1. Out of all the residues in region 86-105, which are in contact with a helix residue (DSSP H, G or I) (Cβ under 8 Å, 6 or more places away or on another chain) and open to solvent by less than 10 Å² (accessible area, probe 1.4 Å)?
2. Quick check: is even one residue across region 55-68 modelled with pLDDT under 95, more than 12 Å from the chain's Cα centre (by Cα) and in a loop (DSSP other than H, G, I, E, B)?
3. Just to be sure I understand, how many residues within region 13-32 are open to solvent by less than 60 Å² (accessible area, probe 1.4 Å), of a type in the set (A, V, I, L, M, F, W, C) and part of a helix (DSSP H, G or I)?
4. Just give me the residues in region 101-155 being assigned to a helix (DSSP H, G or I), under 23 Å from ARG20 (Cβ atoms) and of a type outside the set (A, V, I, L, M, F, W, C), in sequence order.
5. Evaluate the following for ARG38: is it surrounded by fewer than 19 Cβ atoms within 10 Å (Cβ to Cβ), in contact (Cβ under 8 Å) with a residue 40 or more places away in the chain and assigned to a loop (DSSP other than H, G, I, E, B)?
6. Of the residues GLU78, GLU52, only one is touching a Lys or Arg at 6+ places or on another chain (Cβ under 8 Å), over 21 Å from VAL134 (Cβ atoms) and not aliphatic (A, V, I, L, M); which?
7. Are any of the residues in region 52-59 within 22 Å of ASP17 (Cα to Cα) and surrounded by 16 or more Cβ atoms within 10 Å (Cβ to Cβ)?
8. Condition first: of a type in the set (Lys, Arg) and assigned to a helix (DSSP H, G or I). Now tell me which residues in region 69-100 satisfy that.
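The values are calculated or read from the model by the stated rules, or taken from the named source; none is laboratory data. Remember, it's a predicted structure, so these values are computed and weren't measured experimentally. Counting neighbours? That spans all protein chains shown, and the Cβs are built from the backbone with ideal geometry, glycine included. Side chains are part of the model used for accessible areas, which takes the heavy atoms of the whole protein and leaves out ligands, DNA and RNA. Shrake-Rupley method; radii C 1.70, N 1.55, O 1.52, S 1.80 Å.
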Amino acid sequence: MSYVDAIQIGLMGKAMDEARAAAARGEVPVGAVLMDARRGAILATSGNRVEELNDPTAHAEMLVIREATRISGAVRLEQCDLYVTLEPCPMCATAISFARVRRLYFGAYDPKGGGVDHGPRIYQQPTCHHAPEVYGGLGETDASNILKEFFQNKR
């Protein structure tokens, strides 16, 4: 395993920790980590907080983008990489594009609600101004399992 692989697995592990914390709060278990690739520093971590905040936009991706732009004082996150446990929905995929995130790594694919490799495929649209490099399936089994378990327990 290369050093880069180890870093990526570790960051996805942190995103999984956020997903587990979200599940413990009764939220859909999605976690995200946003890293400044220039400095090798994590800028923000979060899990979904839709129910807690009564905010349908409080997805993990949106929360880390908001926090990172607040911390950095910049609206664009061009040297940042986002790690998220589930393929971003169309809303989050668009926000990632607007924030100019450099790379997107995600765990589980989302055929029903995804907006990157499924659904509207935001980054393949001619109206998309910025498409990050996308790497799907990182830690896919673990990310899928936490979602399956969460929804099985809801039934």
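1. PRO88, CYS92, ALA93, ILE96, SER97, ALA99, VAL101, LEU104, listed by residue number.
2. Among the residues of region 55-68, not one is modelled with pLDDT under 95, more than 12 Å from the chain's Cα centre (by Cα) and in a loop (DSSP other than H, G, I, E, B), which makes the answer no.
3. 6
4. Once the filter is applied, which keeps residues that are assigned to a helix (DSSP H, G or I), under 23 Å from ARG20 (Cβ atoms) and of a type outside the set (A, V, I, L, M, F, W, C), region 101-155 yields GLU140, THR141, ASP142, SER144, ASN145, LYS148, GLU149, GLN152, ASN153, LYS154.
5. Working: surrounded by fewer than 19 Cβ atoms within 10 Å (Cβ to Cβ): yes; in contact (Cβ under 8 Å) with a residue 40 or more places away in the chain: yes; assigned to a loop (DSSP other than H, G, I, E, B): yes.
Criteria met by ARG38.
6. Step by step, each of GLU78, GLU52 is checked, and only GLU52 is touching a Lys or Arg at 6+ places or on another chain (Cβ under 8 Å), over 21 Å from VAL134 (Cβ atoms) and not aliphatic (A, V, I, L, M).
7. yes
8. Step one: of region 69-100, the residues of a type in the set (Lys, Arg) are 70, 76, 100.
Passing the criteria: only ARG70.
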